[in-house]
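Report on one structure; see the data block that follows.
The values are calculated or read from the model by the stated rules, or taken from the named source; none is laboratory data. None of these values were measured; they are calculated from a predicted model. A quick note on method: Cβ atoms are made from the backbone with ideal geometry, for glycine too, and the neighbour counts reach across all protein chains shown.
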Amino acid sequence: MPTIRSIRDRGPDDPPLTMLTAYDAPTAGIVDAAGVDMILVGDSVGNTALGYDSTLPVTVDELASHTGAVARAVEDAVVIADMPFLSYGADEAEGIRNCGRMLKEEGAAAVKLESGPHTVELTRRLVELGIPVQAHLGLTPQRVNQLGLGRQATDDEQAAELLRLAEAHEEAGAFSLVLEHIPANVAARVTEALDIPTIGIGAGPDCDGQVLVIDDVIGLSEDPAPFSKAFGDVRGEMERAVAGFRDAVRDGEYPGPEHSHVEDDLDLD
Ligand code: KIV
């Protein structure tokens with residue numbers, strides 16, 4: 001059974017770590033039963049489930065509700081709440097309260113912060129208080145208005161800054177680091193430099209683990225991330241099931257006698 005400590009202390013010969021997002025109880029149950037190490041209640045819930053066109057509108061209440069649903073369904077995996085835009089970083093006390101709520105009220109084991117120079121000291125403080133932190137560098141979608149959603153750390157200066165921030169977050173006590181949409185050789189260099197595990201998403205094969213958005217993995221996304229891979233066709237299966245229901249009702253095939261019951265003793269005249 002994975003724990004924050006077993007993840008942080010993963011050895012070089014251990015199998016790569018696995019992490020998937022989940023936003024609801026049935027999906028989290030399936031991911032957990034498959035033995036995935038970490039379940040991230042991503043703020044990608046904004047795009048995948050809540051109909052927003054970015055992660056920026058996601059609220060603390062929304063993320064808390066989804067975190068609770070996931071945590072209630074999970075027995076083994078480490079559940080990580082992905083803190084929404086501006087729920088941390090503006091005011092230290094408010095950030096700590098928002099992060100603490102995910103553990104205290106919703107059953108998460110850790111929080112993830114989209115990281116930068118502004119999250120080093122906050123990470124240190126959260127860890128001091130007993131709130132494990134997963135850092136996140138490279139493409140950080142909460143900065144979509146500044147950085148877009150393209151590849152990051154593609155020149156020497158940006159790669160050096162990313163390495164510096166990765167080391168600063170490790171030193172501040174983060175137990176792992178997500179690296180998103182950066183060159184594989186930059187991710188390999190960061191992975192080599194850190195003792196804590198790196199979890200890549202669009203960051204090549206040399207990270208200590210991999211994470212993807214569940215909708216991309218099961219083939220539900222309409223617009224999957226370019227670096228993702230679909231391992232199933234859930235969208236196709238849903239489309240077939242919904243069309244099957246529609247046709248069966250229109251054709252008078254559903255409900256059949258096996259889906260209905262009659263009370264013979266009723267006097268309905
Ligand atoms: O919100 C999310 O799903 C994420 C992953 C892509 C790492 O942050």
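Let's see how each residue does on (1) at pLDDT 95 or above; (2) touching a Leu at 6+ places or on another chain (Cβ under 8 Å); (3) away from the ligand (no atom under 12 Å from the Cβ):
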site	(1), (2), (3)
ILE4	yes, no, yes
SER54	yes, no, no
HIS66	yes, no, no
ALA73	yes, no, yes
ALA81	yes, yes, no
LEU86	yes, no, yes
ARG101	yes, no, yes
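Scanning region 176-203 for residues that are away from the ligand (no atom under 15 Å from the Cβ) and in contact with a helix residue (DSSP H, G or I) (Cβ under 8 Å, 6 or more places away or on another chain) returns PRO183, VAL186, ARG189, VAL190, ALA193, LEU194, ASP195, ILE196. The selection criterion, being surrounded by 15 or more Cβ atoms within 10 Å (Cβ to Cβ), hydroxyl-bearing (Ser, Thr, Tyr) and touching a strand residue (DSSP E or B) at 6+ places or on another chain (Cβ under 8 Å), does not hold for THR3. Please work out which one of (1) more than 16 Å from the ligand (Cβ to nearest atom); (2) outside any helix (DSSP H, G or I); (3) of a type in the set (A, V, I, L, M) is the condition VAL58 fails and give its number. Of everything listed in (1) more than 16 Å from the ligand (Cβ to nearest atom); (2) outside any helix (DSSP H, G or I); (3) of a type in the set (A, V, I, L, M), VAL58 misses just condition (1).
Of a type in the set (A, V, I, L, M), free of Cβ contacts under 8 Å to residues at least 24 places away in the same chain and surrounded by fewer than 20 Cβ atoms within 10 Å (Cβ to Cβ): does that describe ALA33? Reasoning before the result, please.
On the way: of a type in the set (A, V, I, L, M): yes; free of Cβ contacts under 8 Å to residues at least 24 places away in the same chain: yes; surrounded by fewer than 20 Cβ atoms within 10 Å (Cβ to Cβ): yes.
In short, yes.
Scanning region 108-119 for residues that are of a type outside the set (Asp, Glu) and crowded, with 17+ Cβ neighbours inside 10 Å yields ALA108, ALA109, ALA110, VAL111, LYS112, LEU113, SER115, GLY116, THR119. Pairs linking a residue in region 228-250 that is under 26 Å from LEU20 (Cα atoms) to a residue that is loosely packed, with under 11 Cβ neighbours inside 10 Å and among the acidic types (Asp, Glu), with Cβ atoms under 8 Å and 6 or more positions apart or on different chains, are ARG235/GLU222. Within region 49-77, the set of residues being in contact with a strand residue (DSSP E or B) (Cβ under 8 Å, 6 or more places away or on another chain) and within 20 Å of GLY200 (Cα to Cα) comprises just one member, ALA77.
The sole residue among ASP233, ASP216, ASP208, ASP223 that is within 16 Å of the ligand (Cβ to nearest atom), acidic (Asp, Glu) and within 22 Å of ALA25 (Cα to Cα) is ASP216. When VAL36, VAL58, VAL70 are screened for being within 19 Å of ALA110 (Cα to Cα), in contact with a Ser or Thr (Cβ under 7 Å, 6 or more places away or on another chain) and of a type in the set (A, V, I, L, M), only VAL36 passes. Please go through region 61-97 and pick out each residue that is exposed (fewer than 15 other Cβ atoms within 10 Å of the Cβ), aliphatic (A, V, I, L, M) and assigned to a helix (DSSP H, G or I). Across region 61-97, the qualifying residue is only ALA93. Quick check on my filter: what residues within region 112-128 are under 16 Å from ASP91 (Cα atoms) and either out of contact with any helix residue (DSSP H, G or I) (no Cβ under 9 Å at 6 or more places or on another chain) or not in a helix (DSSP H, G or I) (or both)? The answer is LEU113, GLU114, SER115, GLY116, HIS118.
Could you say whether any residue in region 10-21 is within 15 Å of the ligand (Cβ to nearest atom) and not in a strand (DSSP E or B)? Checked region 10-21: no residue is within 15 Å of the ligand (Cβ to nearest atom) and not in a strand (DSSP E or B). Please determine, by comparing only the residues of region 244-264 that are in a helix (DSSP H, G or I) and among the charged types (D, E, K, R), which one is farthest from GLY219 (Cα to Cα). Among residues in region 244-264 that are in a helix (DSSP H, G or I) and among the charged types (D, E, K, R), the one farthest from GLY219 (Cα to Cα) is GLU258. Is there a residue being touching a Gly at 6+ places or on another chain (Cβ under 9 Å), away from the ligand (no atom under 13 Å from the Cβ), modelled with pLDDT of 95 or more and not in a loop (DSSP other than H, G, I, E, B) anywhere in region 32-40? Within region 32-40, none of the residues are touching a Gly at 6+ places or on another chain (Cβ under 9 Å), away from the ligand (no atom under 13 Å from the Cβ), modelled with pLDDT of 95 or more and not in a loop (DSSP other than H, G, I, E, B).
Please verify whether ARG250 is away from the ligand (no atom under 13 Å from the Cβ), surrounded by fewer than 16 Cβ atoms within 10 Å (Cβ to Cβ), among the basic types (Lys, Arg) and more than 24 Å from VAL41 (Cβ to Cβ), treating the condition exactly as stated. Here the answer is yes, as ARG250 does meet what is asked.
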